[in-house]
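See below for the structure under consideration.
Each value in this text was obtained by applying a stated rule to the coordinates, not by laboratory testing. Bear in mind the structure is a predicted one, so any value in this text is a computation, not a measurement. Counting neighbours? That spans all protein chains shown, and the Cβs are built from the backbone with ideal geometry, glycine included.
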Amino acid sequence: MGDEELRLLTQELRGSLEPAVIESGEVQKSRAIPLMMHPESIVERSGTPPAGTRILNGEKLEALKATVLAYATALAYQNAYLDEGTITEQLRQHKLLGGDNINAYSVAAKREARRPDRRRRSEGAHSRPR
């Protein structure tokens, strides 16, 4: 996937979060955390990720896979999956509860750095000093 594809995915994500939910004449803001799965975490300058966008990149995906395997192994040991308290503790220990998993297994999306300003044509090589 190239920069252009990531920019398009970013625009699609932004568009899916923008519609407001209207209840009783009031606009309710979503509490959703925008999450994309992509090998890159730097969005092209022309793309504008929604505030708080997180990206599950290749490195974090591998970490998540390893964690889920470790979690499943821990629950399989001595039938620990039969105990609700153990299940909750293992979820907490492996950072698989609530917002912990978003922060542990994704990175913040960043916009590409601003490129140095290019001189205007009127100030370029074709203009002559007066």
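Neighbours of LEU56 by Cβ distance under 13 Å: Lys/Arg scored +1, Asp/Glu scored -1, total 0.
Computed over segment 45-98, the alpha-carbon pair-distance distribution with 5 angstrom bins reads 4, 17, 20, 18, 12, 10, 8, 5, 3, 2, 0, each value a whole percent.
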